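Engineer: One structure, as structure tokens, below. Some questions next.
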Amino acid sequence: MPTIEVQRQLLPILGSPNQGARFFNPELPSSEPFVPGHRTCAGCGPSIQYRMTSKAAGDNTILVGPTGCMYVANSSYLCTPYNVPWAHTQIGSAGSFTAGVAAAYEAMIRKGKWQGKFPNIICEAGDGSASDIGLASISGALYRNHDCLIICYDNEQYANTGIQASSRTPYGGMTTFSPPGPEVPEGKKLFPKDLARMMAAGHPHCYVATASVGYPIDLMNKVRKGLNNKGASYLMVYTPCQKGFVYETPRSIDLGRLVVECGLYPMWEWNPEKRAYDYSFRPQTMRPVSEYLKLQGRFGHLHAEHIAKLQKFANEQWRMMGVELPEALIQAADAKNLVNMSAAAEAETVAQTI
Amino acid sequence: MATAADVKKRMVRINGCVASAQAAKYADVDVIAAYPIRPYTATMMALAQMVANGELDAEYIVADSEHSQLSISHGASSSGARVFTGSSGVGVQFAYELYSPISGSRMPVQMMIADRTLDPPGDFGSEHTDALSTRDMGWLMGWSCDAQEAFDNHLIAYRIGEDPRVLLPQMVCQDGFFVSHITGDVELPDTGQVKEFLPPYKHPYPLDPRHPVSHGPQIMPEQGPPLQLERARAMEESMPVIEQVHEEFAKIFGRKYDAWLEEFMTDDAEVVFFLQGAHAVTARFAIKHMRDRGIKVGMVRLRTIRPYPTERVREALSKFKVVGVIETNMGLGSVSSGGVLYSEVCAALYESDKRPLVMSFMAGMGGEAIVLKEFYWMTEKLMEAQKRGKIEKRTHWVGFEH
């Protein structure tokens, strides 16, 4: 059977500094595949991510939106914020619907039914979809290596249904399904599913990375690397939720940095060629988790022992990345020391000593 | 139109599963979503081999579940590809969430179903409950009774579903084993005939970066009813298209099917069976035998249940004295405490001036064959009711009574 070779896009990697870029970037296209006017909350982390991601992808793009905030708050019938094709799919269908779109374009281009370069096919799944109900469908899409990018915009909860715990909700995070009370003082008792590592370990032929809205250029470059990779890619992006985390609206980007600086959101890339993790990303500073926690109402109920547990968890993440721990952070993983520090002001002085 | 001289048809002896796979090949499908469950699996096995042999250029996706099969199909159809998928039994149910979104977004996905009884326990036999439980989800739906009809129904369903006046997904059903695994002579057409009958799939608003559209955005409650009404109308308005497509099929392929009903020996019949699918084949033999003994019995076989041909069923069944509905499905706690076909028949007859007596037979359950003597037994029940002028009871479980 005569077939047409499928031509693919190659997006340039941005040369701008990896960190601290909060300025106009002439390297980026002026087009806005995701425009304002939607109904997301002020300071919404996922929608900030959505704009960066779609801008990095450009106009030859198709977006898939499983049920979640980025479906419910973005799309309103007879009014749409998407300047590129977008389709809703079921919350459990993140990977499978996306696979269908990718397979359709492979076949249609090959059989001469559609002319043009293979589009960027991006799925924007919330962490509920990606870590719970749609996990198998995403694993299927990665395993079969469809040419697509699956993004988990990780706001660490089911937000549009009114803040319920997901497998990504951190230990101690208060949600309406994990409220603190006399019997369960910490609220959420379980530590989050290590979703991105699970994807990298189980689908080592895929490009997998973690990112945060606190580092826009890094995020956009990871999007482009994911799209340039011929095959499936997976990106998990920290996207704070003002409504669920309960913080001051203008601090979304700050949280996106603090979560990385305190070690709760390790930033890495999985290189499918080398079959190895790349931990070369380093935040400008390291801080104790208390600095991140204290800005958020969802952690307001935590006792010293709970904060120490989270510090211990963060320290494990640093170790996994091969980072040597400053003594102060080791000390902060012990509840007794934390009680001694007690005041937030004292915790801040720890940061400056690192 | 192709002339007889340039048409290269050939007869093959294949089962229903392979006939369905052949139909997908002739339809030149672009994306196939497979997941194994007996008995429909053989269709996907055949298609996998065709792709491996280079006979069919399609993306063959081994999905991770039936839910994913239907989601893949939804995504691919939304992008403008012709899609084929299928399932059986609990697999049909595992994908249930997707049936309404697919018909609601008006994507003409085609799904082959070889029926299987639902659990518990794991019974491989054919029972129509799997597909029938989805009958109100906005999919065109009908049963074939042999491999040739299965082949034909797939092509017919693509043509109807992809018609811009219709744009609805289709469930093309066949009984597990009785059709799916029994070989019969099937005439495979010339590709030119199929080209003439089935134009390439062209959706009016696919996910295409050159013409951006948003599919399935969130709506407010007051925006729901008009969309539901539109889907309900699409079902109703598909009816003339269904008839037209069956006529065109007959012209091009030479096999004439009534779109809605097959009537067998009904001209002077007083009592009739009303059923769907493969048991019609045995019914025809049973009826012939009983006719030899002077019994005025016939059969009406429903070929398309969605959209439901209410008027046709009423006209057809009003002629008779007694109608025996052979269910082959479970409607636990339903109107007749038997199957779900009974209420479809009775509702169609309600506005008739001449209402026959209607009774329901739970036969062929769990995939059991309905044997000739059971047809004779059921006929006796129908004749007793005719004599008595009323039914003894609404539902008989065949094989559990004397």
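Read-outs: derived from the displayed coordinates by stated rules, not from any lab. Keep in mind that what you see is a predicted model, and the values were worked out from it rather than measured. Because the Cβ atoms are built from the backbone with ideal geometry, glycine has one as well, and the counts that use them run over all protein chains shown.
Engineer: Compute the normalised compactness of the stretch B:219-297: alpha-carbon radius of gyration over 2.2 N^0.38 Å, N being the residue count.
Structural biologist: Compactness ratio reported: 1.70.
Engineer: In µm²/s, what is D for the stretch B:179-252 at 4 °C and 1.567 mPa s, where D = kT/(6 pi eta Rh) by Stokes-Einstein and Rh is the Kirkwood radius from Cα pairs?
Structural biologist: 77
Engineer: Only Lys, Arg, Asp and Glu count, each charged at its Cβ (+1, +1, -1, -1), so figure out the dipole size of the stretch B:332-402 about its Cα centre, rounded to 20 debye.
Structural biologist: So the magnitude is around 260 debye.
Engineer: Sort the stretch B:134-195 into rounded, prolate or oblate with this rule: let a ≥ b ≥ c be the square roots of the eigenvalues of the Cα gyration tensor; rounded if a/c is under 1.5, and if a/c is not under 1.5, prolate when a/b is larger than b/c, oblate otherwise.
Structural biologist: Cα axes put the stretch B:134-195 in the oblate bin.
Engineer: Moving to a separate point now. Within 10 Å of each Cβ in peptide B:60-66, how many partner chain Cβ atoms are there on average? Round it to a whole number, please.
Structural biologist: 6
Engineer: Take the alpha-carbon positions of the protein assembly as shown, form their convex hull, and give its projected area averaged over all directions (one quarter of the hull surface) in nm².
Structural biologist: 36.9
Engineer: Something else about it: Rounded to the nearest 0.05, what FRET efficiency do A:His303 and A:Ser280 give with R0 = 30 Å and r taken as the Cβ-Cβ distance? Could you check?
Structural biologist: It comes to 0.25.
Engineer: Run the dipole for the protein assembly as shown about the Cα centre, Lys and Arg Cβ at +1, Asp and Glu Cβ at -1, nothing else charged, and hand back the magnitude in debye, nearest 20.
Structural biologist: Roughly 300 debye for the protein assembly as shown.
Engineer: Also, I was wondering about something else. What number, in nm² with one decimal, is the all-direction average of the projected area of the convex hull of the alpha-carbon atoms of the stretch A:117-235?
Structural biologist: 8.0
Engineer: Give the order of A:Thr61, A:Thr98, B:Thr395 when sorted by the count of other beta carbons within 10 angstrom, beginning with the fewest.
Structural biologist: B:Thr395, A:Thr61, A:Thr98
Engineer: Right, another one. Positive end of the dipole of the protein assembly as shown, charges at C-beta (+1 Lys, Arg; -1 Asp, Glu), about the Cα centre: which of A:Ala57, A:Ser129, B:His181 has its Cα farthest in that direction?
Structural biologist: It is A:Ala57, whose Cα lies furthest towards the positive end.
Engineer: Let me ask something else. Using bins 10 angstrom wide from zero, how does P(r) for the stretch B:17-128 break down, in % of all Cα pairs?
Structural biologist: In whole percents, the pair-distance histogram is 16, 48, 31, 5, 0.
Engineer: Could you let me know the centre-to-centre spacing of the stretch B:50-88 and the stretch A:217-237, using Cα atoms, in angstrom?
Structural biologist: 26
Engineer: Taking every DSSP beta bridge with both residues inside chain B, roughly what % is antiparallel (nearest 5)?
Structural biologist: If I count the DSSP bridges inside chain B, around 25 percent turn out antiparallel.
Engineer: Looking at the protein assembly as shown only, what percent of DSSP beta bridges run antiparallel? Nearest 5 please.
Structural biologist: If we restrict to bridges inside the protein assembly as shown, about 25 percent are antiparallel.
Engineer: I'd like to know which of B:Val300, B:Phe285, B:Ser318 lies farthest towards the positive end of the charge dipole of the stretch B:279-333, counting +1 on Cβ of Lys and Arg and -1 on Cβ of Asp and Glu.
Structural biologist: Among B:Val300, B:Phe285, B:Ser318, the one farthest towards the positive end of the dipole of the stretch B:279-333 is B:Phe285.
Engineer: Okay, moving on. Just to be sure I follow: if Rg is taken over the C-alpha atoms of the stretch A:45-282 and Rh is the Kirkwood radius over the same atoms, what is Rg/Rh?
Structural biologist: For the stretch A:45-282, the value is 0.97.
Engineer: Then there's this: For the stretch B:4-253, count the residues as N, evaluate 2.2 N^0.38 Å, and divide the Cα radius of gyration by that value, please.
Structural biologist: Against the empirical 2.2 N^0.38 Å value, I get 0.97 for the stretch B:4-253.
Engineer: Follow-up question, since we're still on this one. Tally the DSSP beta bridges in the stretch B:110-231 and give the antiparallel ones as a percent, rounded to 5.
Structural biologist: In the stretch B:110-231, DSSP labels about 10 percent of beta bridges as antiparallel.
Engineer: What residues qualify as long-range amide H neighbours of B:Gly86, i.e. H under 5 Å apart, gap of 5 or more or another chain, H built at 1.01 Å from N?
Structural biologist: For B:Gly86, whose amide H was placed from the backbone, the distant partners under 5 Å are B:Met112.
Engineer: Can you tell me the equivalent ellipsoid semi-axes for the stretch B:45-84? Use √(5λ) from the Cα gyration tensor, largest first, whole Å.
Structural biologist: That gives 19, 13, 6 Å for the three semi-axes.
Engineer: Would you work out the charge dipole size for the stretch B:4-253 about its Cα centre, treating the Cβ of every Lys and Arg as +1 and the Cβ of every Asp and Glu as -1, and quote it to the nearest 20 debye?
Structural biologist: That gives the stretch B:4-253 a dipole magnitude of about 400 debye.
Engineer: Over 20 Å between Cα atoms: which of A:Lys117/B:Lys25; A:Lys193/A:Lys312; A:Lys193/A:Lys336; B:Lys296/B:Lys390; B:Lys9/B:Lys251 fall into that group?
Structural biologist: A:Lys117/B:Lys25; A:Lys193/A:Lys336
Engineer: Roughly what angle does helix A:344-353 make with the longest principal axis of chain A, taking Cα atoms, 0 to 90 degrees, to the nearest 10?
Structural biologist: Long axis of A:344-353 versus the principal axis of chain A: about 70 degrees.
Engineer: Here's another thing I want to ask about it. Can you sort A:Cys206, A:Cys241, A:Cys123 so the residue with the fewest Cβ neighbours within 10 Å comes first?
Structural biologist: Fewest to most other Cβ atoms nearby, the residues stand as A:Cys206, A:Cys241, A:Cys123.
Engineer: In deg cm²/dmol, rounded to 500, what helix-only [θ] at 222 nm does chain B give when every DSSP H run of at least 4 residues adds -39500 (n - 2.57) and the total is split over its residues?
Structural biologist: -12000 deg cm²/dmol
Engineer: Then there is this: Which of the three applies to the stretch B:90-235, rounded, prolate or oblate, going by the alpha-carbon gyration tensor with a ≥ b ≥ c and a/c under 1.5 meaning rounded?
Structural biologist: oblate
Engineer: Shifting gears a bit: For every helix of n ≥ 4 consecutive DSSP H residues, a contribution of -39,500 (n - 2.57) applies; sum these over chain A, divide by its total residues, and give [θ] at 222 nm rounded to the nearest 500 deg cm²/dmol.
Structural biologist: -10000 deg cm²/dmol
Engineer: I would also like to ask the following. Using the alpha-carbon atoms, what tilt in degrees (0 to 90, nearest 10) does helix A:45-57 show relative to the longest principal axis of chain A?
Structural biologist: Result, in degrees: 40.
Engineer: Related question: Relative to the longest principal Cα axis of chain B, at what angle does helix B:224-253 sit, 0 to 90 degrees, rounded to 10?
Structural biologist: The angle comes out at about 80 degrees.
Engineer: Could you tally the net charge around A:Glu316, taking each other residue with its Cβ under 13 Å from the Cβ of A:Glu316, Lys/Arg +1 and Asp/Glu -1?
Structural biologist: That works out to +3.
Engineer: Oh, and also: Please list log₁₀ I(q)/I(0) at q = 0.09 Å⁻¹ for the stretch B:261-397, using the Debye equation with identical point scatterers on the alpha-carbon positions.
Structural biologist: -0.22
Engineer: Sort B:Thr266, B:Thr304 so that the residue with the fewest other Cβ atoms within 10 Å of its own Cβ comes first and the one with the most comes last.
Structural biologist: With the fewest neighbours first, B:Thr266, B:Thr304 line up as B:Thr266, B:Thr304.
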